[in-house]
Amino acid sequence: MDKVSLLGIPHDGNSSYLRGPAEAPPLIRRELASDAHSSWSETGFDVADRLVDHGDIDFTQAGDQWERIENEVGRALDAGHPLISLGGDHAIAWPVLRAVRRRHPSLTIVQIDAHPDMYDAYQGNPRSHTSSFARIMESGSPTG
């Protein structure tokens, strides 16, 4: 098995209701390292040895947060491993997908969710967590 990249995206600034996904990256990492379970696979390797952690995106700097997400996801993808992002509300799907699409132009997306996140804008915010797939569809990103 190859390596798998992890990248924390501690962002929930576009959530219209409850906040919390921004707190998720360190909590997920804590559970990955917990001795309450084993990270060994049934085929005899330690999954934890396969993880390349790229840390968390720093949102304290000035600049567009969507560009920062896209650039940092791109940097993690440049390592050549599949990426698992930790944290973030639904809104981050759009900048994450932009970075993925630059490296993989032909994509098929399977979205499993209780609602499609297709609002044009919610409460005047086109970057709302309810709008991520509207932005994705507008871009033509899903090609299959």
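Just so it is clear, none of the values below were taken in a lab; they were calculated from the coordinates. For clarity, every value in this text was computed on a predicted model and none was experimentally measured. Cβ sites come from the backbone with ideal geometry, for glycine too, and all protein chains shown count toward neighbours.
In deg cm²/dmol, rounded to 500, what helix-only [θ] at 222 nm does the chain give when every DSSP H run of at least 4 residues adds -39500 (n - 2.57) and the total is split over its residues? Provide the component values of the computation, followed by the final result.
On the way: 4 runs with 41 residues, N = 144.
That calculation yields -8500 deg cm²/dmol at 222 nm.
Quick one: dipole size for the range 4-105, taken about the Cα centre, charges +1 on Lys/Arg Cβ and -1 on Asp/Glu Cβ, in debye to the nearest 20. Spell out each step's value before the answer.
Values: 10 positive and 16 negative charges, 77 e Å.
In total the dipole reaches around 360 debye.
Hey, what did the chain get for relative contact order, percent, Cα under 8 Å, at least 6 apart? Show your work: numbers first, answer last.
Numbers: 217 pairs, mean separation 43.3, N = 144.
Taking the mean separation of contacting Cα pairs over the length of the chain, I get 30 percent.
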Describe numerically, in nm with one decimal, the distance between label points set 7 Å from Cα along Cα→Cβ at residue 118 and at residue 37. 3.4 nm
Give me the number: length gained by fully extending residue 17 to residue 137, i.e. 0.36 nm times residue separation minus the C-alpha to C-alpha distance, one decimal in nm. 40.8 nm
So which residue, out of 43, 108, 130, gets the largest mean-square fluctuation from a GNM of the chain using Cα contacts under 10 Å as springs? 43
Taking the Cα centre of each part, how many Å lie between the range 92-144 and the range 1-70? 20 Å
With 0.36 nm assigned to each residue of separation and the Cα-Cα distance removed, residue 49 to residue 84 gains 11.1 nm
